[in-house]
Amino acid sequence: MVSDNLETLIFMKNAIYSTQQAVAMWTDSSAMVYSMKLLFDNTWSKSKHIHL
């Protein structure tokens, strides 16, 4: 999740933790924020519209 282009919160899944335990990493690293924004924007642009 990139909210303001200054920081990001990344939720991660780990096989040793149950699905009820959330593991996340917060960072204000500009390189990491930029990378996550690029990844999200690319994924979003290639997604298909779902008609509900």
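Every number in this text was worked out from the coordinates using simple rules, so none of it is lab data. In this text the structure is predicted, and so the values were computed from the model without any measurement. Cβ placement follows ideal geometry from the backbone for every residue including glycine, while neighbour counts extend to all protein chains displayed.
Rg and Dmax of the chain, both derived from C-alpha coordinates alone, stand at 13.7, 37 Å. Maximal additional length on extending the E7-Q20 stretch stands at 2.2 nm, based on 0.36 nm per residue less the C-alpha distance. Here the chain is assigned +1 on the Cβ of each Lys and Arg and -1 on the Cβ of each Asp and Glu. Its dipole about the Cα centre then comes out at about 320 debye. In a DSSP loop and with at most 15 other Cβ atoms within 10 Å, the chymotrypsin sites (Phe, Trp or Tyr not before Pro) in the chain are Y17.
The calculated FRET efficiency for L52 paired with T27, based on their beta-carbon distance and R0 = 35 Å, is about 0.55. Counted by neighbouring Cβ atoms within 10 Å, the residues T8, T27 run from fewest to most as T27, T8. Note on the chain: dipole from Cβ charges, positive end direction compared against I16, T27, H51; the farthest Cα belongs to H51.
For the chain, what relative contact order do you get, as a whole percent, if you take Cα pairs closer than 8 Å and at least 6 residues apart? Relative contact order here is 35 percent.
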